[in-house]
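Here's the structure we're looking at; comments come further down.
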């Protein structure tokens, strides 16, 4: 079985970004993919303190729930990160998680260690929602931040699916009839899905 890590990056339970990721995971072929769900709001981890403790080893010295996640970020074949836009960027919870990728950045760019397991190209995909309607520019910070994070993890950025104008709980579900076809087209090369 190939492994897919689904990261729920919103502090809000059953919000629009969570439902969008659930919708995608319902289409995954479970005979091919072993899916692990990671809810950031249920984890106990600190923000990066920029202490420099990772600079010699590429390993974060903070001992918390992030430690087992590092290996998953470096070994799973696929990673999907779903998050909303808060004030033009990811929510603080997701940003703290991404910033803890500093140890992986050090490992790759300062220490020159190859990231990820050998084998087929590992890929990452972004799902993002926001309440503002009418401009995809609103997602630009989320896209840039996630691209940098995936690069530090040794993941090829495989694209994004963005849904604007979903401000209230359940708004994204009302869009699923429109969302489904385009989302599945975008993800067809990312992971085997069932229609």
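The values are calculated or read from the model by the stated rules, or taken from the named source; none is laboratory data. Here the structure is a predicted model, which means the values were calculated and not measured. All Cβ positions, glycine included, derive from the backbone under ideal geometry; neighbour counts span all protein chains shown.
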Could you give every pair whose Cβ atoms fall below 9 Å, whose first residue belongs to the range 105-121 and is on the phi > 0 side of the Ramachandran plot and modelled with pLDDT under 75, and whose second residue is in a helix (DSSP H, G or I) and surrounded by 13 or more Cβ atoms within 10 Å (Cβ to Cβ), counting only separations of at least 6 or pairs across chains? 116/73; 116/74; 116/75
Flagged in the range 78-97 as part of a strand (DSSP E or B) and either in contact with a strand residue (DSSP E or B) (Cβ under 6 Å, 6 or more places away or on another chain) or closer than 27 Å to residue 33 by Cα (or both), in numbering order, are 78, 79, 80, 81, 82, 83, 84
With (1) in contact with a strand residue (DSSP E or B) (Cβ under 7 Å, 6 or more places away or on another chain); (2) at negative phi as the list, and residue 159 as the residue in question, which single condition is left unmet? (2)
Can you find even one residue in the range 145-155 that is outside any helix (DSSP H, G or I) and surrounded by fewer than 16 Cβ atoms within 10 Å (Cβ to Cβ)? no
Quick one: residue 55 ticks every box in (1) farther than 15 Å from residue 153 by Cβ; (2) modelled with pLDDT of 95 or more except a single one, so which number is it? (2)
So for the range 123-138 (the condition being surrounded by fewer than 17 Cβ atoms within 10 Å (Cβ to Cβ), within 19 Å of residue 190 (Cα to Cα) and free of Cβ contacts under 8 Å to residues at least 24 places away in the same chain), does at least one residue qualify? no
Quickly run through the range 15-66 and pick out the residues that are touching a helix residue (DSSP H, G or I) at 6+ places or on another chain (Cβ under 9 Å), in a loop (DSSP other than H, G, I, E, B), surrounded by fewer than 20 Cβ atoms within 10 Å (Cβ to Cβ) and in contact (Cβ under 8 Å) with a residue 60 or more places away in the chain. 27
